[in-house]
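Participant: Below you'll find the structure I mean.
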Amino acid sequence: MGLIEKLFTLVFGGGRNVVRETAEVFRENAEAGAARNNALQTQVITQHGAEFDRAQKGGFDRFMDGVNRLPRPLMAFGILGLFIAAMVDPVWFASRMQGLALVPDPLWWLLGAIVSFYFGARHQFKGQEFQQSITETMLRVPQVVENIRTLNALSPKVAAQNFNQLLETNGKNAAIEDWKRAKS
């Protein structure tokens, strides 16, 4: 018995599995790899969500968000106002447009750059908010999946299947037998 015990201790080690450890040198342990990937993904999602935390907005941030919402409506209403002014008083409108014709091209280019940068920054900000909403949604996925499983378990079809299985496994019951006869 001592020789066999020493042989097994040599192959499998004292409380260790040498064969498994040797195999893991050539092939990754799938369960440990999945656990590492899950931990990494959870940490990445948590960090990504923390970068875009909306709860940190103060009064100044909310005020600036309100100010940032003004230029687009003001420009749209301004253009509509110009159309109305052209119809109401064409001479006044024509004199203002003649004044705009005197604006040098570099100023028009500067205005175009400012408006482009404004809308480009706004587009980037909205894109980041979209990424944040995706992160928040991804964090809710496990709970939603569990809720769907619970709801499926409560559905009438599943309940009927469970009830039929209960009828089959409970054996003979006079009331259930009467109910089966009445049902068929």
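Participant: Build a GNM of the chain with springs between Cα atoms under 10 Å: which of Glu24, Glu146, Glu129 gets the top mean-square fluctuation?
Facilitator: Glu24
Participant: Something else now. Diagonalise the Cα gyration tensor of the chain and give the resulting equivalent ellipsoid semi-axes, square root of 5 times each eigenvalue, largest first, whole Å. Write down the numbers at each step before the final one.
Facilitator: On the way: eigenvalues 964, 290, 35 Å².
After scaling each eigenvalue by five and taking roots: 69, 38, 13 Å.
FYI, it's all coordinate maths here, none of it is from the lab. Because the structure is a prediction, the values reported are computed rather than measured.
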